[in-house]
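Report on one structure; see the data block that follows.
All of the numbers you see were taken from the coordinates with simple rules; none came from a lab. Here the structure is a predicted model, which is why all the values come from computation and not from measurement. As a convention, Cβ positions derive from the backbone with ideal geometry for all residues, glycine included, and neighbour counts pool all protein chains shown.
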Amino acid sequence: MKKKANVRRSASHVQRRTQRPIEHWTLSVGGWTFLRMKMVAALTVSLICSIALASPPSAEPQVAEAVKAPGVSVVHLWAPWCGNCKAELKSGGWAKMVNDNSQTQFVFVAIWNSGDDGRAVLKQHDIGEQPNVMILADPGPRSGPEKLKRFLDLPVSWIPTTWVFKGGDLRYALNYGEVRFPVLQQFLEDSNAEW
C-alpha cells in the first residue's frame, strides 16, 4: 500500500510540473504560435531600429550624379577643422569663385568630419545660399580602417582637394592642398572652351 501512495504522489508531482504557468501558454493561429509572432515582431522592430541608427549614407552617389551634368562642376573635398581649408575660406576666394561663376556647379563635400557637412562654417564665409552650390558630407571618420581613401574612384590622401569635371569627365585634379584661385579660374575657362 505504501508503494501505491508513492506512485500516486510521483504521478501527481509529474503532472503538476508539466502544467505551464499562464504566461508561457501559446495560442496557435494558422500554424503560428503567439510566441513565434511575438518573436518575429521583435526582430522586425530590431531591424528597423538598426537601419534608422545606421550611419548616414555616403555623399558619393549624389556627387557622381551632379558631375554628370553637361556643364562644368567643381567638387571640393574639405573639412572645417583643416587649417588649409580655413585659409582658403578666409581669403574669400571660394565665395568669389561661386559668385563669379554662376553657370558652374560647386559641390562642397566635408570629409573626415564624422558626417558633419560644415554648412555653418561655409555660411560664415558667404557660401551656401547660392543656387549653384551643393553642400554634402561623407560620414567616414578622420582615421582608422574606415577612413575615406577614394571618392568617385579617385584617390583621396589630402584635403583640401579640388576636382573640375565637365559632363562627367574629370578635367583637372588639384590634390595637393590650397587652391590658387586664379589657376582654378583658368581651369574653369579652359573646361568651358571647346577643344
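The table below gives the values:
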quantity	calculated
Where labels lie 7 Å past Cα in the beta-carbon direction, separation of Asn84 and Lys123 in nm	2.8 nm
DSSP bridge pairs, region 60-192: antiparallel proportion in percent, nearest 5	55 percent
